[in-house]
Structure formats: C-alpha cells, structure tokens
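Student: Pasting in a structure now, in structure tokens, and then I'll have a few things to ask.
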Amino acid sequence: MTDAVLASDATTIGSADAAWWRQAAVYQIYPRSFADANGDGLGDIRGVVDKADYLAELGIDAVWLSPFYPSELADGGYDVADYRDVDPRLGTLSDFDDMIAALHGRGIRVIVDIVPNHSSNRHALFQAALAAGKGSPERDRYIFRDGLGENGERPPADWQSVFGGPAWEPVGDGQWYFHHFATEQPDFNWDNPDVHAEFLETLRFWSDRGVDGFRIDVAHALAKDLPEVLPSQAELDAMDTTTGRHPLFDRDEVHEIYREWRRVFDEYDPPRIAVAEAWVATPERRARYATAEGLGQAFNFDLLEADFDAAQFRHIVTVNLAQSAATGSSSTWVLSNHDVVRHATRYGLAPRDGSTAKQGSAWIIAGAPADQVDLARGGRRALAASLFLLGLPGSAYLYQGEELGLHEVGDIAPEDRQDPAFFRGADPERDGLGRDGCRVPLPWERGGSSYGFGAAGAHLPQPAWFARYTVEEEAADPASSLSVYRHALALRRALQTAETLEWIETGRDDVLRFARPNGWQVVTNFGEEPFPLEPGATVVLGALEGGAVAGESTVWLRD
Ligand code: NOJ
C-alpha cells in the first residue's frame, strides 16, 4: 500500500530560472571558521574564493554566508556594526565582489545573512541613540524604557535574555534598552520607519552587488507590542505563541515587513530569494513566513529536532510536504547548522529522557561531552540521514563540515570558548556547552598548521582527531563521507523533478522507502537488522551487503 504526498507545482514564483531555490542544495559557510587566506587566524572572504573549486566539486547549488560584516564578535558576527560593509579582518567589498564572481562563474548562487532584529551596540544608529538621550527620535529606533524606582535604577521588567542574564540593560540616565540576545545586541524598534528604510537600503545594496538571496535571522521576532505596563517573565512564558498576538514573538503584523521586502526582491531579475529563520510553534505558523508575498521559504527544523527514527522522519516529511503544497512554497530540510550540535555527534549520544536530539531548548541544543559519544555509530547514522534528506523534494541546507562527517568538538576548555551562551550563565541543562563545538575551523589538509585552515592556526582549538576528517584524506577515499556526498549531490540534480514523493511500505517499522516520480527511490534502514531488497534492484548510491540494505544506512535505487 502506498500513500502519495503531493507538493506544489514548481512554478509558483516567477520563471523557471527564478525557481532555482525550490530544490537547491545550499551549503552554509560560517566564514570565520571556513578558510583563512590571509593567515590571521580568522577565516575570510578570500578563503571562500580559494575554495571555490572545492565548492563546485562538492556539487552544491548555492552558498549561504553567515555574517561577515564588521562586528565586535559578541555573538559570532550576529552583532552587526555595519550592514553594508565587510569586516576588515575578513576582507573588503572588492574581495566580496571577487567571491561573487568566483562562485557565480561556477554556477553557485550566493545567499547572505541579514540580522534585522538587533544590531551591534557599536552600530552608528545605536551610538546615536545613546548620545541623543531620552525621548529623542534616535532612541525611538531601538526599544528604550524608563527603569522602575525613583531614579530608574531597577529594570523595567524581570525578563531574561535568550543567552541567559537580564534582557534589559541600563544606559546610565534612568533608561534601559531591551536585548533578546547578548547585551551587545540591542533590539530594533520596527514601529519606526527609519528602521524599515535602513533595511530596505541594505537589501538593495547587496542585491545590487549580485547577491541572489537572503537568510533572515530571527525572522519571527521583529514585530513587538510592548504594553505600558510590562508583563513579568512568568506571564510572558505563560502566553500562547500560536495566536499571532504574543508581545514578542511571531506577531501577525511581522508579515507586513516581509511584504515590503518582497516588493524589493521582485525589483530584480531573477527576483531575490529569502529564507526565514523562524522558530515558531507549529508548521502552520511557519508556513506564513514562506508565502510568495513574503519571504518565500522558511527553515524547517523538525528533522534537526527529531531522533534518528523512521516514524518521526516519515511523519515530519509527510506533514511538511503537505504544508508547502498548501502555501506554494517548497520544503526545506536541515540536520545541522552553526547553532546546534553536529548531527554526527547527536546521533552518537545515548538517549537522554528518551531522546538523543531535543536535549533542551529548541534552538541551542546542549553541547556534547566527547566521552559520551559513539563516534562510529553517530557517523554512520549521520550519513544515512543526510542521504535520506538529499533524496527528498525541496531544498537541502547543509552545514560546512557535515560533508566530512565531522563531529562536534566537545572538550573545548572554558578559556578557549567564545559563545556568549556559554558565558552569560544560561541554563546549563538547556544550553550545555554552547555552540563553539560546531564552529571549530575546518580541517583541509592532513598536516600543516591548523590542518590547512590557515597559517596562523585556528581561532578555536582543533583536536588531534580532526586529522581523520580532512578534505585531503577524504577526497582520496571513494568510501569517505565526502566522496559519498559528492556522488549524491551529482545524482541529485537528475533526481529533482516534481516536488512529490510516494511512500512504499516496507513491512518494517524501522525502514523507510520512497519513490520520486521519475523512478528514483530512496531506502533508509534506521534499524540494525539488514533489510533485504528484491533481487535485481539497481543501486546507484550506497552499497548493498549480501543483497540487503545494511543497518543504519541509505541506498538510492532507480528503475
Ligand atoms: C540566530 C543565529 O543563528 C544565532 O547564531 C544568533 O546567535 C541569534 N540568531 C542571534 O542573532
């Protein structure tokens, strides 16, 4: 018995070329940890140019660059001091133009990260707000409130920031500003037209430079409605986040901002694309960000939050394909990014509270102490899950290093850590070791300084076992994770036709099998028992063992 899942026609937005994003393989580069061309210990834009052939050979369709803008690095670059420039430590605008040319020349599109919920406290607009004082138009661009008490010496509310510690910071004149994240990241006031103008200019600036699209940071938090008397943190926590009327998150009017942005995206040919990072309560709420009048696509983190489990995977795929079909978007799939423990490591952890994945909050998954990980099993499962994901209709978002089967670095010493979530005393049960472990600079070569990352070493320490995961090592081994990713990404181009799949019942709870309309099939064995295939099946990716799909592995077949 089969049940069909129908996604949308592939032509909802614009022409055929304009629809490139619908089934793209997008590779996330965390620039400071990718490749360091100028040898100062930090990855840079020239490093991306140097690795353009590597990216082309990998077979991805687009690159998403995490922030490369001037920043004090209070939050790994998500504290932006100037939205329309390159951090001098990472290069210049001219380097950026060269990078666009190098990637476009190889058929790779470029998506950049836009951080509109907050700026850095070093941003000129925030510095102007501090200088101009209470009640000024400059202060109105951010969220300032008078403190409580006779001289405003107490915070306006007891709110906690996402990274731990208070969310209101005093500025010395009785006023306080609100920051969802680190103290150095004041939230913008999106009721102020100047803020709209600032970001429209930024979107045009990068679009004019040839950028193909944008990843929108914390897209669900921009619109806020703070009453005169602020609720307490406990009251906030008790509020429903599914109504569109929560004071801080996922408010319905946030979509007015994205409709305004869409008009800018559509000024370009092909229209610029966008993908929302929106941690919202339900797939239905998420779909609102992914409409043709809005951002067009939204990250779906459901697989990232799931266990390596057939039933969970099937349910998530079915629900999300149906959801995209209903809104005309295409589905997105993610297993790893710069905020979570790498999936090779998650899948090697012993279950905690019955789950290996959701070890805490939705968006920072707890760090993974190195001695608690079954590396081999995690690696096996990660490859199986990645090949399952790459066979799905929709866009696959990959995170640098996952193609190498790279593990989280779990044993970074406290004095070497950088993530504000680690230092601001967030709940250790929730935030664990923070996010540095997935941001350690990539290993390119077997030897040399910092495994080929750069001449001055790496800004986060690389463990000795990185030697086993280098590009040099894996490129020479046809059975390596890198070689399998390359093969899968090359085949994927032929596989991606209509955005549909059909489940084929396997008679096993721990084995999933689906067919794409053009005769390709994906079989993933989530269990340990081999799954025998019918004789004569044509395997195009992965290998059978004695005619069976081995435990914790995926094969691709075709008619
Ligand atoms: C989400 C980003 O992915 C994360 O790295 C960052 O810390 C927060 N947004 C704040 O910008």
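Student: Which far-off residues, 5 or more places away or on another chain, put their amide H under 5 Å from the one on ILE504, with H placed in the peptide plane?
Tutor: The answer is ARG513, PHE514, ALA515.
Student: Whenever you get a sec, line up SER329, SER449 from highest to lowest accessible area (probe 1.4 Å, protein heavy atoms).
Tutor: Descending order: SER449, SER329.
Student: Under a Cβ-only charge scheme (Lys and Arg +1, Asp and Glu -1), can you give me the dipole magnitude of the chain about the Cα centre, in debye to the nearest 20?
Tutor: On the way: 49 positive and 88 negative charges, 208 e Å.
Dipole size: approximately 1000 debye.
Student: Which order do you get for GLU153, GLU408, GLU253 if you rank them by accessible area with a 1.4 Å probe, largest at the top?
Tutor: Descending accessible area places them as GLU153, GLU253, GLU408.
Student: I need the phi-derived Karplus couplings for the range 119-130: 6.51 cos²θ - 1.76 cosθ + 1.60, θ = phi - 60°, integer Hz, Gly and Pro marked x.
Tutor: 10, 7, 5, 8, 4, 4, 5, 6, 4, 5, 5, 5
Student: Oh, and also: Tally Lys and Arg at +1 and Asp and Glu at -1 over the other residues with C-beta under 11 Å from the C-beta of ASN192: what net charge comes out?
Tutor: The answer is -3.
Student: Something else: Work out, step by step, the length gained on full extension between ASP240 and GLU293: first 0.36 nm times the residue separation, then minus their alpha carbon distance; give nm to one decimal. Spell out each step's value before the answer.
Tutor: Working: separation 53, 0.36 × 53 = 19.08 nm, distance 2.59 nm.
Extra length available between ASP240 and GLU293 comes to 16.5 nm.
Student: How large a share of the accessible area of the range 389-536, in percent, is made up of carbon and sulfur atoms when the probe is 1.4 Å and the other protein chains stay in place?
Tutor: Ligands and nucleic acids excluded, carbon and sulfur reach 53 percent.
Student: Need one word for the range 430-548: rounded, prolate or oblate. Basis is the Cα gyration tensor (sqrt eigenvalues a ≥ b ≥ c); a/c below 1.5 gives rounded, then a/b vs b/c decides. Walk me through the numbers on the way to the answer.
Tutor: Details: a/c = 2.31, a/b = 2.04, b/c = 1.13.
In terms of gyration-tensor shape, prolate.
Student: Between TRP465 and THR506, what length comes free when the chain is fully extended (0.36 nm per residue of separation minus the Cα-Cα distance, one decimal in nm)?
Tutor: Separation in residues times 0.36 nm, less the Cα-Cα distance, equals 10.9 nm.
Student: Where both residues lie in the chain, what percent of DSSP beta bridges are antiparallel, nearest 5?
Tutor: 55 percent
Student: Which ³J(HN,Hα) values, rounded to whole Hz and listed in residue order, are derived for the range 57-67 from phi using the Karplus coefficients 6.51, -1.76 and 1.60 in 6.51 cos²θ - 1.76 cosθ + 1.60 with θ = phi - 60°, glycine and proline given as x?
Tutor: Taking θ as phi minus 60°, the curve returns 5, 5, x, 7, 9, 8, 10, 10, 9, 5, x Hz for the range 57-67.
Student: Can you list residues whose amide H is under 5 Å from ASP187's amide H, if they're 5+ apart or on another chain and H is modeled 1.01 Å from N?
Tutor: Result for ASP187 returns ILE143, PHE178, HIS179, HIS180.
Student: According to the square roots a ≥ b ≥ c of the eigenvalues of the Cα gyration tensor, what is the shape class of the range 502-558, taking rounded for a/c under 1.5, prolate for a/b larger than b/c otherwise, and oblate for the remainder?
Tutor: Numbers: a/c = 1.77, a/b = 1.21, b/c = 1.46.
The shape class here is oblate.
Student: How long are the semi-axes of the equivalent ellipsoid of the range 124-178, defined as square roots of 5 times the Cα gyration tensor eigenvalues? Whole Å, largest first.
Tutor: Over the Cα atoms of the range 124-178, the semi-axes work out to 19, 14, 8 Å.
Student: How far apart, in nanometres, would the label points at GLU528 and ALA56 be if each is projected 7 angstrom from Cα along the Cα-to-Cβ direction?
Tutor: Reported label-point gap for GLU528 and ALA56 is 4.6 nm.
Student: I would also like to ask the following. In Å², what does the accessible area per residue of the range 124-178 work out to with a 1.4 Å probe? All intermediate terms of the calculation are to be shown ahead of the outcome.
Tutor: On the way: 2600 Å² over 55 residues.
Accessible area per residue: 47 Å².
Student: Going by amide H atoms built from the backbone, whose H comes under 5 Å of the H on LEU349, apart from near neighbours?
Tutor: ASP374
Student: Go through the range 207-219 residue by residue and turn each phi into a ³J(HN,Hα) via Karplus (6.51, -1.76, 1.60, θ = phi - 60°); whole Hz please, and just put x for glycine and proline.
Tutor: My calculation for the range 207-219 gives 4, 5, 7, x, 5, 8, x, 9, 9, 9, 6, 6, 4 Hz in order.
Student: Compute the projected area of the convex hull of the Cα atoms of the range 195-328, averaged over all viewing directions, and report it in nm² to one decimal place.
Tutor: Result: 9.9 nm².
Student: Taking the alpha-carbon centroid of each part, what is the distance from the range 65-101 to the range 103-180 in angstrom?
Tutor: For the range 65-101 versus the range 103-180, the Cα centre distance is 20 Å.
Student: On the accessible surface of the range 124-178, probed at 1.4 Å, how many percent belong to carbon and sulfur atoms? Present the calculation step by step, with values, prior to reporting the outcome.
Tutor: Numbers: 1310 of 2600 Å².
The value for the range 124-178 is 50 percent carbon and sulfur by accessible area.
Student: How high is the FRET efficiency between ASP411 and SER449 when r is their beta carbon distance and R₀ equals 22 Å, given to the nearest 0.05?
Tutor: Working: r = 21 Å, r/R0 = 0.95.
Once the sixth-power term is evaluated, E becomes 0.55.
Student: I've got another one for you. Just how large is the dipole of the range 124-178 about the Cα centre, in debye to the nearest 20, putting +1 at every Lys and Arg Cβ and -1 at every Asp and Glu Cβ?
Tutor: I would put it at about 160 debye.
Student: May I ask for log10 I(q)/I(0) of the range 434-474 at q = 0.24, 0.29, 0.35 Å⁻¹, from a Debye sum over the Cα atoms as equal point scatterers with solvent left out?
Tutor: The computed values of log10 I(q)/I(0) come out as -0.73, -1.00, -1.27.
Student: Compute the Cα gyration tensor for the range 28-182, then decide on rounded, prolate or oblate, letting a ≥ b ≥ c be the square roots of its eigenvalues: rounded whenever a/c is under 1.5, prolate when a/b is larger than b/c in the other cases, and oblate in all that remain.
Tutor: prolate
Student: What FRET efficiency, computed as 1/(1 + (r/R0)^6) with R0 = 60 Å and r the Cβ-Cβ distance, is obtained for GLU284 and LYS134, rounded to the nearest 0.05?
Tutor: Approximately 0.90, to the nearest 0.05.
Student: Counting only Cα, what are the radius of gyration and maximum Cα-Cα distance Dmax of the chain, in Å?
Tutor: That works out to 23.2, 82 Å for Rg and Dmax.
Student: In nm, what is the difference between 0.36 nm times the number of residues separating ASN151 and ARG84 and their Cα-Cα distance?
Tutor: 20.3 nm
Student: As a check on your grasp of the helix formula, calculate [θ] at 222 nm for the chain: sum -39500 (n - 2.57) over DSSP H runs of n ≥ 4, divide by the residue count, round to the nearest 500.
Tutor: -7000 deg cm²/dmol
The values are calculated or read from the model by the stated rules, or taken from the named source; none is laboratory data. Keep in mind it's a predicted model, so treat the numbers as computed, not measured. As a convention, Cβ positions derive from the backbone with ideal geometry for all residues, glycine included, and neighbour counts pool all protein chains shown. The protein model used for the area step is the full one, side chains on, heavy atoms only, and it has no ligands, DNA or RNA in it. Shrake-Rupley method; radii C 1.70, N 1.55, O 1.52, S 1.80 Å.
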